[in-house]
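A quick write-up on the structure given underneath.
Bear in mind that the values in this text are calculations on the coordinates, not laboratory data. Remember, predicted model here, so these are calculated numbers, not experimental data. A quick note on method: Cβ atoms are made from the backbone with ideal geometry, for glycine too, and the neighbour counts reach across all protein chains shown.
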């Protein structure tokens, strides 16, 4: 390879790296305001201020997003052409449905994640049939609709939405598990969803980020990806707004 060709390749790589860094800086700027650990509901969780009823209501409400999450992935998978990227989405879907059999966090990930969440709900005193038949808050219904809509976007935008969710999960899961154990005496079965996701979504979010970098380097629409991430993050925050509003209403009625 000539010196000129080598220099050109290096410049191209440096340009792609700079572009990637700029994108992720803007990504953080667009989504930082929706850091769920700063939401009043999760702040109350960390402080041990939630009642078991609050946690039971939350677990029953949010289960519907957790249960729907594999359908977001399957919708994206179904739209993609044959290739590595499609199989990457399928691998995440298999993880969510407990079909991958990976060893994560010291135990085999062989149970659907929606079932792990249901174990959390049961641990808070929820009845499974009541969880499944629950009439959802408008914000939760909108969250599910938002993710389903975003999965119809171009792959980079769809993955940006998934990353906006899964990149935050490990830190949130760690905080939730600690709060459940410290303030509410939750056992290992009740906290297993959160124990698993302290590790699983580190892997998932790293995969989305790697694939997005490749798509962006190939010319994917950066603004569309940023807008999708912001829309997903805002919908997640709004869902907690709805849950927190119901909590405050219960406090006033008590």
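Once the Cα atoms are used to define both axes, helix 52-79 deviates from the longest principal axis of the chain by about 30 degrees.
So if we plug the beta-carbon distance of residue 210 and residue 94 into 1/(1 + (r/R0)^6) with R0 = 25 Å, what FRET efficiency do we get, rounded to 0.05? That pair, residue 210 with residue 94, gives E of 0.85.
Relative to the longest principal axis of the C-alpha atoms of the chain, give the angle of the C-alpha long axis of helix 84-96, reported between 0 and 90° and rounded to the nearest 10°. That works out to roughly 10 degrees.
The candidate values were (i) 20.2, 63; (ii) 19.7, 78; (iii) 18.9, 57; the one computed from these coordinates for Rg and Dmax of the Cα atoms in Å carries the label (ii). Tell me the relative contact order for the chain as a rounded percent, counting alpha carbon contacts under 8 Å between residues six or more apart. Contact order relative to length: 28 percent. For the chain, the longest principal axis of the C-alpha atoms and the axis of helix 3-31 are separated by about 20°. Rounded to the nearest 500, the 222 nm mean residue ellipticity of the chain from helices alone is -26000 deg cm²/dmol, with -39,500 (n - 2.57) taken per DSSP H run of at least 4 residues. FRET efficiency for the pair residue 127 and residue 71, taken as 1/(1 + (r/R0)^6) with r the Cβ-Cβ distance and R0 = 22 Å, rounds to 0.40.
One Cα centroid belongs to segment 151-185, the other to segment 31-91; the line between them spans 6 Å.
For a Förster distance of 25 Å, can you work out the FRET efficiency between the beta-carbons of residue 78 and residue 24, rounded to the nearest 0.05? Once the sixth-power term is evaluated, E becomes 0.30.
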